[in-house]
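Below is one structure, written out as structure tokens; the observations come after it.
The values are calculated or read from the model by the stated rules, or taken from the named source; none is laboratory data. The structure presented is a predicted model; accordingly, all values stated were derived computationally and were not measured. Backbone-built Cβ (ideal geometry, glycine too); neighbour counts: all protein chains shown.
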Amino acid sequence: MSYFKDILRYEKKYRKFTILNILFNILYAIFNVLSVLAFIPVLGILFNTDNTVIKVPLYTGIRSIAAYAKESFYYFISQKIENEGAIEVLFFICLLTFSLFLFKNLFRYLASYVLVFLRNGIVKDIRDKLYHKIITLPLAYFSEKKKGDIIARMTIDVQEVEVSFLTSLEAIVREPLTVIISLTMMLILSVKLTLFVFVLLPVSGFIISSISKKLKANSLKAQKETGNFLSFIEETLTGLKIIKGFNAEKVIQEKFNTSTTKFRNLMSSVLHRKTLASPMSEFLGSATIIAILYYGGKLVLENNSPLKAEEFFGYIVLFYTVLNPIKAITTAYYNIQKGEASAERIMEVLNTENSIKDKPNAALKDGFINKIEFKNISFKYKDTFVLKDFSLTINKGETVALVGQSGSGKSTLANLITRFYDVNKGEVLIDDQNIKDVTKKSLRNLMGIVSQDSILFNDTIANNIKLGTQAATEEAILEAAQIANADEFIQNLPEKYETNIGDSGNTLSGGQKQRLSIARAVLKNPPIMILDEATSALDTESEQLVQTALEKMMQNRTSLVIAHRLSTIQKADTIVVMKKGKIAEQGKHEELLALKGEYFKLVSMQSLS
């Protein structure tokens, strides 16, 4: 149960609730046992057995404390019967028992009450920790994972931990205490009979544990399959237009059905084993009671034990109070085995080493003064190098455009300068300082990014624009939108800048979304701008509006422009033509056309003169 221990580390923050829960559970366990023992004198009175104690018991030391307590109680009852009569004493014992049951249930409620704060606090902290981990892990981690699986870990797995682990916490604390106190009292009543019980209980435990061996393995498979079909759902919602356009509904449906069938079979196996826990433990407990009834009854009838008849009945009731806790412990054990699989998946994310992190002595990069330099860099995503011994210098104030076929390494350079990925070899330098020697936050503060896909959030236009500049005033937001040619369409919206744009900005056109992305970068006002095919997905009219906005934005800034449409980069100070991760040509637009090389071919293919 190593992962269960990992989850319980989050308990330290809520230690006071743990202590209170344990305290209330101890009191519950004590009153639970006392409420059973209080019946023994009632049975004695009803059956007129001779429990009269005339002499005041003497305390002879710690070893005889149990016998002393028992004799003292009987002496008290005997004196009360002699002075007040059996009926009055019966009423007193019933009132005492009522009070014991009242306190037992009061402490049970209080234990559950404080556990709520512990349980909900741990769940919140796990969710917060998972979210923090996910937003800090490098992009490379997510390129190898399914989105649906990540979502499943944050939702279904956390919920499973809450249900399986944290609801079992009370059973883990309370029930063993009840068992210990009950067994102690059983030993006081009869050592011989209790030793007989100790022989039977391990047999029951062995049978129960043998049933649960496959529970964790099947639970882990089931949770993985949950991630698979959540990925199917996410992909279906994203690609619904393509699915319908290619009449692929049946194909996708069959894949989804295969996943859910596998999940159903795994969960059936898990739940069958889990539901077997309670009836199996109850049956084994009943069999144990029957064995005790025979063995103990034989001792009483043959007078081979100091145990009196009413004490034997009390002993049976006391053992029955042990059965329910053992049953609860068994169920908790099954739940923990089931939850282990989810905890393992959660801890796998939390324990993932972040390959891109700040050095212990990383400096703050304040401002951009001189140049950006890619110095003999090599990089690969998996096995094949995308860039090899690549070098390029971008001076401050220059606009450098990268062009070339898909897969030539253009976008990779943008990912490396922002430290979304780290180079395998060589250095990326800003003002002759390796970007690995400065904090990621201070590095990215120098940069604004406009990507091909306009990444917007389900929020207002104003909040999307000021995403990276939370302290921005309304005037600054308006000015950024005007520079990005976005203010015109925003003013026509129902609530203007307070209009919610929906999931991924789907209430807006492609050009409108891209202009909001530009406004967001403008508001940040960084010295370095990275444009990753910012106009490639737009129609001609939108492209012209966006291109005008981009030109305004790039004024007095150092810009790295990755271009698909070559018409957008003719004014660049330097155009770098890339081929298979290397520089094929480099120069201005007219110079490269005159060479009639790779750039000329690209321009010709796009029918430009």
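Residues are listed down the side, and each one gets a yes or a no for (1) of a type in the set (Asp, Glu); (2) at pLDDT 60 or above; (3) in contact with a Gly (Cβ under 8 Å, 6 or more places away or on another chain):
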{"site": "Asp6", "(1), (2), (3)": "yes, yes, no"}
{"site": "Lys12", "(1), (2), (3)": "no, yes, no"}
{"site": "Val33", "(1), (2), (3)": "no, yes, no"}
{"site": "Phe39", "(1), (2), (3)": "no, yes, yes"}
{"site": "Thr49", "(1), (2), (3)": "no, no, no"}
{"site": "Val53", "(1), (2), (3)": "no, no, no"}
{"site": "Tyr68", "(1), (2), (3)": "no, yes, no"}
For Leu478: the one exception among (1) modelled with pLDDT of 85 or more; (2) crowded, with 23+ Cβ neighbours inside 10 Å: (2)
Scan of region 404-437 for residues that are modelled with pLDDT of 85 or more and part of a strand (DSSP E or B), ordered by number: Lys425, Gly426, Glu427, Val428, Leu429, Ile430, Gln433, Asn434
Considering only region 503-524, I want to know if a residue exists there that is of a type outside the set (A, V, I, L, M), modelled with pLDDT of 75 or more and not in a helix (DSSP H, G or I). yes
Among residues belonging to region 377-398 that are modelled with pLDDT of 85 or more, buried (at least 18 other Cβ atoms within 10 Å of the Cβ) and β-branched (Val, Ile, Thr), point out the one that is nearest to Glu144 (Cα to Cα). Ile377
Report yes if some residue within region 599-608 is farther than 22 Å from Ile518 by Cα, outside any loop (DSSP other than H, G, I, E, B), at pLDDT 80 or above and not polar (S, T, N, Q); otherwise report no. yes
Residue in region 468-477 that is more than 24 Å from Gly367 (Cα to Cα) and either in contact with a helix residue (DSSP H, G or I) (Cβ under 9 Å, 6 or more places away or on another chain) or not polar (S, T, N, Q) (or both) present: yes
Taking the criterion of being touching a helix residue (DSSP H, G or I) at 6+ places or on another chain (Cβ under 9 Å), in a loop (DSSP other than H, G, I, E, B) and at pLDDT below 85, would at least one residue in region 365-376 satisfy it? yes
Taking the stated definitions as given, is Ala534 at pLDDT below 80 and surrounded by 23 or more Cβ atoms within 10 Å (Cβ to Cβ)? yes
Any idea which of (1) crowded, with 16+ Cβ neighbours inside 10 Å; (2) in contact with a Ser or Thr (Cβ under 6 Å, 6 or more places away or on another chain); (3) not acidic (Asp, Glu) is the one Asn424 doesn't satisfy? (1)
Condition check: assigned to a helix (DSSP H, G or I), modelled with pLDDT under 75, closer than 24 Å to Arg108 by Cβ and among the hydrophobic types (A, V, I, L, M, F, W, C). Does Leu193 satisfy that? no
Condition (residue is modelled with pLDDT of 70 or more, touching a Ser or Thr at 6+ places or on another chain (Cβ under 9 Å), closer than 30 Å to Leu139 by Cβ and loosely packed, with under 14 Cβ neighbours inside 10 Å) applied to region 331-353: is it met by at least one residue? no
Select, from Asn83, Asn105, the only residue that is assigned to a helix (DSSP H, G or I), at pLDDT 85 or above, over 14 Å from the mean Cα position of the chain (by Cα) and not acidic (Asp, Glu). Asn105
Sort through Ile122, Ile156 and tell me the only one that's within 25 Å of Thr236 (Cβ to Cβ) and touching a helix residue (DSSP H, G or I) at 6+ places or on another chain (Cβ under 6 Å). Ile156
